[in-house]
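The numbers here are math on the coordinates, done by the rules we state, and not lab data. Quick caveat: nothing in here was measured; it's all calculated off a predicted structure. No Cβ is skipped: glycine too gets one built from the backbone with ideal geometry, and neighbour counts run over all protein chains shown.
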Amino acid sequence: MKKQPVPYKIYLEEKEMPTHYYNVRADMKQKPAPLINPGTHQPMTAEELEHVFCTELVKQELDNDTPYIAIPDEIRSFYKMYRPSPLVRAYELERKLQTPAHIYYKFEGNNTSGSHKLNSAIAQAYYAKKQGLIGLTTETGAGQWGTALSMACAYLGMDLKVYMVKGSYHQKPFRREVMRTYGASVTPSPSDTTEVGRRILAAHPDTTGSLGCAISEAVEYAVTHEGYRYVLGSVLNQVLLHQSVIGLETKAAMDKYGIRPDIIIGCAGGGSNLGGLIAPFMGQKLRGEADYHIIAIEPASCPSFTRGKYAYDFCDTGMICPLAKMYTLGSDFIPSPNHAGGLRYHGMSPILSELYHQGLMEARSVEQTSVFEAAEYFARIEGILPAPESSHAIRVALDEAIRCKETGEEKTILFGLTGTGYFDLKAYEEYNDGTMTDYIPTDEELARSLAKLPKMD
Ligand SMILES: *Cc1c(COP(=O)(O)O)cnc(C)c1O
């Protein structure tokens, strides 16, 4: 059979878009560890979780067994406005690198929020709305998640309160304005609107905030206001479930042309885009049907996989959320102030943590100046201005393609291009000015935050 030539962009037709989310936990023999109640150290029950999350999402969070979960028509309709996203064959990049490797990337930046986060935002808002809730609360760091959720809430007519990490709030005023344009109210965190915020402010008056701290505030607002629930843009099992549309579309597009990736690369903050991209491939790997070399990329300044500990930890600085077993740097770890490349969360998805622990994927850390070098190289050839987060994956895709040039191997490399970098130009400015520096935390610094892991018996 003669293979069809692969076009620059492989689009699926609307009718080929996934009808079901794929739940990789169903194929894991050793399941990810359950969320634990910080008071009793017992697994969180559905009833306890329903104080924080809406009922359908609690069900998804706890479901380790159902492989395929139908995507409601309302969510699919929303997806159709900006999906399927293109799978791009990076012919020009290959030519420039003179590599025999075939490079593909799945581009999730083609929507106003500028990232893959919209895939889960619309799902979470939809289930909350269906339950009759009036509003949602959340945290946002760089702002992509808050923007995505404000778009979803605007579409469904729901209220949204966003706690935005104070440093980003001041550094990225335009992000804030996009959220307000979609009707969200945005508060810099830590703030004096919550008890936990006031406590953190009293202890650290000059803090620029952290994701963990913003989470604590958003959760407190939700549990103290009738009709509100808290939603989270990464880390949780339900988020990885929704993000499986990325991998399902990618696999369907590749299957059309008989393409099989050898290496799959994704950046990892809390793990949602990577978990989504690899889901169907990891499923095959777990069922023994195929093998893939999967690589998670994280910043050297926030190295949860490569230097963290696999242990139960708090998901938030305020220590009010359930405990999750994950690769973590400790819940009060804050990356050094010169860190500009995103992916700042101290922990990692329990699903990916368990898969990594079992040796089913590799993890690498990269320094931010080399990330921005890769970002600019990519932008100048492929045209897309990548998000700094995504550029972690670009860095390693380039490294692997260059390695193929040296060895003459014709490998197929797939990476997740999770978003665009229009709101990250401060970081690009630092890089272009030559003032960007790298910082790698010392073992002593990591030991300090790891010493505060909760004691489990
Ligand atoms: C949030 C974000 C990430 C990291 O989050 P994950 O949950 O690890 O996927 C990566 N890229 C972009 C563009 C983001 O907005």
Kirkwood hydrodynamic radius of region 351-457, from inverse mean 1/r over distinct Cα pairs, in Å: 16.4
Within the chain, helix-based [θ] at 222 nm, where runs of 4 or more DSSP H residues each add -39,500 (n - 2.57), nearest 500: -12500 deg cm²/dmol
Prolate/oblate/rounded call for region 144-289, Cα gyration tensor, a/c under 1.5 rounded: prolate
Test item: Cα-centred dipole of the chain, Lys/Arg +1 and Asp/Glu -1 on Cβ, debye: 840
For region 212-294: rounded, prolate or oblate by the Cα gyration tensor [a/c cutoff 1.5]: prolate
Cysteines, the chain, no other Cys beta-carbon under 4.7 Å: Cys54, Cys153, Cys213, Cys267, Cys302, Cys404
Ile134 versus Arg380: modelled label distance in nm, points set 7 Å from Cα along the beta carbon direction: 5.5
Dipole of the chain, positive direction: furthest Cα of Tyr91, Ser168, Ile200, with charges on the beta-carbon: Tyr91
Over region 59-208, equivalent-ellipsoid semi-axes from the Cα gyration tensor in Å: 32, 24, 15
Rg(Cα) / (2.2 N^0.38 Å) computed for region 313-355, rounded to two decimals: 1.21
Computed over region 172-230, the ratio Rg/Rh where both radii use C-alpha atoms and Rh is Kirkwood: 1.00
Equivalent ellipsoid, the chain (semi-axes from 5 times Cα gyration tensor eigenvalues, Å): 32, 25, 22
Region 205-346 - convex hull of alpha carbons, volume per residue in Å³: 138
Whether region 325-382 is rounded, prolate or oblate, judged on the alpha carbon gyration tensor where a/c under 1.5 counts as rounded: oblate
